[in-house]
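So the structure is just underneath, and the comments pick up after that.
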Amino acid sequence: MLKDDLLRTYELVDGGKLKKVLGCYRTPGCHAVVTYRFGQWLSQKNIFTRILLEPFYLLLYHRMRSKWGIEIPRAADIGPGLYIGHNGGIVISSQVKAGKNLSISQGVTIGVSGKGIKRGVPVIGDNVYIAPGAKVFGKIFIGSNVSIGANAVVNQDVPDNSVAVISPGIVIFKKNPS
């Protein structure tokens, strides 16, 4: 999955091959994705490997949170092609499930909300873009091919091929699937 994440960033950086490689290397989003995928990989290894490498992961995770303001716990279930366009103020719950090609901008929160049987986190489909400042929370479903606008507060289901904007994330129109 890490390869898909890095290739997605590589494709989105402008310029020649060297500029793209340097752009990926310098991008805090790439560093955060590498740390996240490393944490997932490490959690599946034997106890000896985990004991040996856990301090290194914890150091990387702390740096990701403190230096770039990106918090993606390794328990979050995010498919391949994760792209973080800008750093700062990104918080994702460890219980989130998201499909492939999730794009996240700065200031995005994807989290837990609700009480009792309504308590939960979003389930996010494929090819979803979440714009700067958007907040997505609660036991909801975000469909595939969805764009969530800047500063939208989404706490209701969003169907496939839709755009959600404004607070509380009202669906204003459905995209044409073609």
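The values are calculated or read from the model by the stated rules, or taken from the named source; none is laboratory data. As the structure is a computational prediction, the values presented were derived from the model and not from experiment. Positions of Cβ are generated from backbone atoms using ideal geometry, with glycine treated the same way; all protein chains shown enter the neighbour counts. We work out accessible area using only protein heavy atoms, side chains counted, and drop any ligands, DNA or RNA first. Shrake-Rupley method; radii C 1.70, N 1.55, O 1.52, S 1.80 Å.
Taken one residue at a time, the phi angles of the range 65-79 give Karplus couplings (6.51, -1.76, 1.60, θ = phi - 60°) of 6, 7, 7, 10, x, 10, 10, 10, x, 5, 6, 4, 9, 10, x Hz. Gly and Pro are set to x. When you filter the trypsin sites (Lys or Arg not before Pro) in the range 51-153 for DSSP loop state and at most 13 other Cβ atoms inside 10 Å of their Cβ, you are left with K115, R119. A helix-only calculation puts the chain at -11000 deg cm²/dmol for mean residue ellipticity at 222 nm, using -39500 (n - 2.57) for each DSSP H run of at least four residues, averaged over all residues.
Taking every DSSP beta bridge that has both ends in the range 1-127, the antiparallel portion is near 10%. Here the range 47-105 has 61 percent of its accessible surface on carbon and sulfur atoms, given a 1.4 Å probe and all protein chains in place. Taking amide H positions as modeled 1.01 Å from N, with prolines and chain starts lacking one, the residues under 5 Å from A98 and 5 or more places away or on another chain are D77, I78, G79, I124. Across the range 141-146, computed HN-Hα scalar couplings (Karplus, 6.51 cos²θ - 1.76 cosθ + 1.60, θ = phi - 60°) run 10, 9, x, 7, 6, 10 Hz from first to last residue, x flagging Gly and Pro. Answer with a single label: of [x] 9, 37, 39, 14, 1; [y] 10, 36, 34, 16, 3, 0; [z] 9, 31, 32, 19, 8, 1, 0, which was calculated as P(r) over Cα pairs in 10 Å bins from 0, in percent from the structure in view? It is the one labelled [y]. Placing unit charges on each Cβ (+1 for Lys and Arg, -1 for Asp and Glu) gives the chain a dipole about its Cα centre, and among Y57, P122, L2 the Cα reaching farthest toward its positive end belongs to Y57. Accessible area per residue for the chain is 54 Å², calculated with a 1.4 Å probe on protein heavy atoms, without ligands, DNA or RNA.
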